[in-house]
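Please read the structure below before turning to the comments.
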Amino acid sequence: MNKTVPSLRVRLMGSVALALILSLALGGALTIRQARHSVARELGSALVVARQTVHASLDNLASQADPASDLRQLVAAFDGNRHVRAVLLGSGSAPITQSTLGTAREQMPSWFVRLIGVPGNAEELAVPPIARPIATVRIETDPRNEVLEVWNELSEMAAPIAVLVISSGLLIWWSTTRVLRPLSALSAALNSVGAGEFEARLPAGGLPETQVIAAAFNRMAEDLSAVRERNRALYRQLLTAHEAERKDLARDLHDDIGPLLLAVTIDAAAIEKEIATRAPDADPTLRAIRETIGQAQQNLRAIVNRLRPIGLAEFGLRRAVANLVLFWQRRHPEVDFSLDLGEGFEPSGELGEVTVFRIVQEALINALRHGAPSCIRVAFRLEGNDGFVVKVSDDGKGAEEAKPGFGLIGMRDRVEAAGGQLTTGTGPDGGFTVMAILPQSAKAPSAEMAELPP
């Protein structure tokens, strides 16, 4: 089972995001720790101040006319204190009066108070008997106001931190995209080279490391392109020599062997006529000889036709293709053959004409042998200003029956050697389609076009 592998940019951003999260978590932990120490220190200082204030009042209590009233005024002086509450206790620790703790209107979540976790402290200071019924002054700290102050500070810091994190993420995303852009270009160029498009090149600019890669890739692509062009040139030479040899062989068979067979046929007919009255039993033997010679002549014509298409040089490409289609139409009357050969444009050079003829020949043979079609269409058309297109399509069994063999491989090699492109596959309406685009050269319409079979 194939697993989707994240891209390098996604993995880099994931690593950066994880680092940011860990940094924020560590910064948050340090901030909470510092806040906890700050709250504890503030409450400790407030408790010390409150203790000193109460001790000073208790030391002067003996000189007061009404000690109990003076202690109540002391407690009232703590009203509004943000951190300390003062409480007067009677005998048995029963509260007599206490100060009101100053509270803010803002609210904070209870989990944050638990997170800070600084408890309040309390101290009880004994009161001299002259202040009866007051027995003790208790001072206690409350951390909520100090924790609220920490919460407000952190809340004010949250927005800038969020903006900083988001802007940092966007900046890192932009930076990684820019830095990795040469890798994307390299990947696209490698895919092009893998598909046989050796014209792909990488820009020379960028980082020093990518410049080295781009230069090496461009040299490789240039070398591959040069090798491909050399191979094509060699294959063109091979095809040209092959076609020339086939032409010479076809001419020799036609000019040398053909007349000899014809002469043998004439001699056999003369002998048959001469001895018809003298040796009647020899007539079947001579007839068999003439039939054998006729079969040899038919085979010779077939061989010559395979070696060199009859009429291609004499009458042109369209007449030769029309004769080829007519040949198969007579042998497969159940198949509807359609011709649309156009006018006024030709494939470039003799090699181009032979290539087009061989493509049509091979495509017809494959369709009739493997596809069982009811209709075969052969069409020539002009692609742009300099593209000759030959297309052979049928409505047969389709691409699943078209196994890659020497026929398709040979067609592709021929087309590439002629400087063209070949595509094969299932057509829009099913069946199988062979299409080649070759360089073309404009020519005047041939007069024989009017005599093409329908």
³J(HN,Hα), Karplus 6.51/-1.76/1.60, whole Hz, each residue of segment 76-93, x for Gly, Pro: 4, 5, 7, 4, x, 5, 7, 10, 10, 10, 10, 9, 8, 10, x, 5, x, 6
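Order the peptides 291-300, 415-424 from the highest to the lowest mean number of other Cβ atoms within 10 Å of their residues. Walk me through the intermediate numbers first.
Numbers: 291-300: 12.9, 415-424: 19.2.
Packing proxy ranking, top to bottom: 415-424, 291-300.
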Sparse-neighbour loop sites [trypsin sites (Lys or Arg not before Pro); segment 51-136; at most 16 other C-beta within 10 Å; DSSP]: Arg82, Arg105
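For segment 6-139, report the % of Cα-Cα distances exceeding 20 Å. Provide the component values of the computation, followed by the final result.
Working: 5330 of 8911 pairs.
The calculated P(r) of segment 6-139 puts 60 percent of pairs beyond 20 Å.
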Inverse of mean 1/r across different Cα pairs in segment 71-136, Kirkwood, Å: 13.8 Å
Overall dimensions of segment 340-393 as given by Cα atoms, namely Rg and Dmax in Å: 12.2, 36
Highest-first arrangement of 93-101, 161-169, where packing means the average Cβ count within 10 Å: 93-101, 161-169
For Leu341, distant residues with modelled amide H under 5 Å away: Phe380
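Take peptides 225-232, 353-360 and line them up by average Cβ neighbours within 10 Å, highest first, as a rough protection proxy. Working shown, then result.
Numbers: 225-232: 12.6, 353-360: 23.8.
The most tightly packed comes first, giving 353-360, 225-232.
Rounded, prolate or oblate, given the Cα gyration tensor of segment 1-51, with a/c below 1.5 counting as rounded? Before the final figure, lay out each step's value.
Values: a/c = 12.31, a/b = 5.71, b/c = 2.16.
Cα axes put segment 1-51 in the prolate bin.
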For Ile96, distant residues with modelled amide H under 5 Å away: Leu88, Leu89, Gly90
Three-way shape call for segment 99-216 based on the alpha-carbon gyration tensor, with the a/c threshold at 1.5: prolate
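We did not get these values from a lab; they are worked out from the coordinates using the rules stated. All of these numbers come straight from a predicted model, not from anything done at the bench. Counting neighbours? That spans all protein chains shown, and the Cβs are built from the backbone with ideal geometry, glycine included.
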